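Accompanying notes for the structure given below.
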Amino acid sequence: MKNTKVISVITEKGGVGKTTTSYNLGCALGNAGSKVLLIDLDKQGNLSSSSGYILSDGKRTISDVIYNAATGYQNDYESVIRHSENNPNVDYIPAGYMLNASNSIIASSSNCNFVLRSILEDEFFNRYDYIIIDNKTDLDLLAQNALNATHYVIIPLDAGIHSFDAVDNMMAKIKSLANTTNPRLKILGILENKVDLTSTSKEIDSACREIYGSLVFDTRIPSRPEQINRTVKFCTGCVNLKGNTLADTYRALAVEVIKRSGV
Ligand SMILES: Nc1ncnc2c1ncn2[C@@H]1O[C@H](COP(=O)(O)OP(=O)(O)O)[C@@H](O)[C@H]1O
Ligand SMILES: [Mg+2]
């Protein structure tokens, strides 16, 4: 993991855009010339299906990789990597249906805080500039493993009433892990998603910048349900879809991410 930056997209609030951000940021970074690996850590598998994964293609998934690492079996990483058809620089490892068992498998390992980290430290992963982990909503042992394998966290935020609570909880969690199991853990940025022209959206933006200052990305992602749905339907990120006005927004986000992560 020499120069590879591991980014976790995570927050305890569901539906705010963790998966959409992971996928479109990954595609935008790939489009800008970085080699990117997306890891789907949510059993729902939305990142996997967005990337073109066909359920049960017979190949191994992230749950197999975690099982092997936690129980001392050798992993064949090449066999678990899928190549994104529409994004030549983007690979992915899909979520498996056994992912909900991963918590107990990890818990039984003597290395229970660092199973995912031990995986990503294999030299196989040095080929990637960025590894982006799409997390689910619970901060369980699997999510803690992801955070212990992470350099930088992106916290998406939408204009909901509980948005700031979720950000505050995440920041407290990150601080506690940075003080204990992962001193290199940093917040890369808070990302405003599903931004619209309502006064609520504007109020959230001002409050967010007042509270969190420069931690908030300059780039804000507008609410464009149809464009997001088309990227999922055609298994291609916004940056690769003609006529997608979100493309420039995700390009701008990728530029900020590259700058903030120092690659
Ligand atoms: N910028 C956006 N504009 C419109 N719809 C969005 C946007 N970002 C996410 N969505 C939609 O919101 C829903 C939840 O997004 P998702 O990325 O799955 O959230 P999470 O992974 O945090 O649960 C999905 O239906 C997704 O298509
Ligand atoms: Mg998700």
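Every number in this text was worked out from the coordinates using simple rules, so none of it is lab data. Just so it is clear, the structure is predicted and the values come from calculations on it, not from any experiment. Here the Cβ positions follow ideal geometry from the backbone for every residue, glycine too, while neighbour counts run over all protein chains shown.
What is the extension gain from Asp218 to Ala172, computed as 0.36 nm multiplied by their sequence separation minus the C-alpha to C-alpha distance, in nm to one decimal? Write out the running numbers ahead of the final one.
Numbers: separation 46, 0.36 × 46 = 16.56 nm, distance 2.27 nm.
Here the answer is 14.3 nm.
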Discussion item. So, R0 is 25 Å and r is the distance between the beta-carbons of Ser104 and Tyr73; what FRET efficiency does that work out to, to 0.05?
Written reply: 0.90
Worksheet item: Once you put a point 7 Å from the Cα of Leu197 and another 7 Å from the Cα of Phe234, both along the Cβ direction, what distance in nm separates them?
Response: 2.5 nm
Discussion item. Given points 7 Å out from each Cα along the Cα-Cβ axis, report the Ile54 to Val255 separation in nanometres with one decimal.
Written reply: 3.9 nm
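Hey, which of these cross-link pairs are over 23 Å Cα-Cα: Lys136/Lys194; Lys5/Lys186; Lys186/Lys242; Lys5/Lys175; Lys13/Lys202; Lys194/Lys233?
Values: Lys136/Lys194 19 Å; Lys5/Lys186 11 Å; Lys186/Lys242 35 Å; Lys5/Lys175 19 Å; Lys13/Lys202 20 Å; Lys194/Lys233 19 Å.
Correct reply: Lys186/Lys242.
Taking neighbour counts of Cβ atoms within 10 Å as a proxy for exposure, in what order, fewest first, do Thr231, Thr236 appear? Spell out each step's value before the answer.
Numbers: Thr231 25, Thr236 22.
Arranged by neighbour count, lowest to highest, Thr231, Thr236 become Thr236, Thr231.
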Discussion item. Report the per residue volume, in Å³, of the convex hull enclosing the C-alpha atoms of the chain.
Written reply: 114 Å³
Fill in: Tyr92, Tyr53, Tyr97 arranged by Cβ crowding within 10 Å, fewest neighbours leading
Tyr97, Tyr53, Tyr92
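Given 4 °C and 1.567 mPa s, how large is the Stokes-Einstein diffusion coefficient of the range 70-165 in µm²/s, with Rh as the Kirkwood radius over Cα pairs? Walk me through the intermediate numbers first.
Numbers: Rh = 15.3 Å.
Diffusion coefficient, whole number: 84 µm²/s.
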Worksheet entry | Per-residue Cβ neighbour rank within 10 angstrom, fewest leading, His151, His83 | His83, His151
Worksheet item: What order do you get for 143-150, 157-164, 61-68, 247-254 when each peptide is scored by the mean count of other beta carbon atoms within 10 Å, highest first?
Response: 143-150, 61-68, 247-254, 157-164
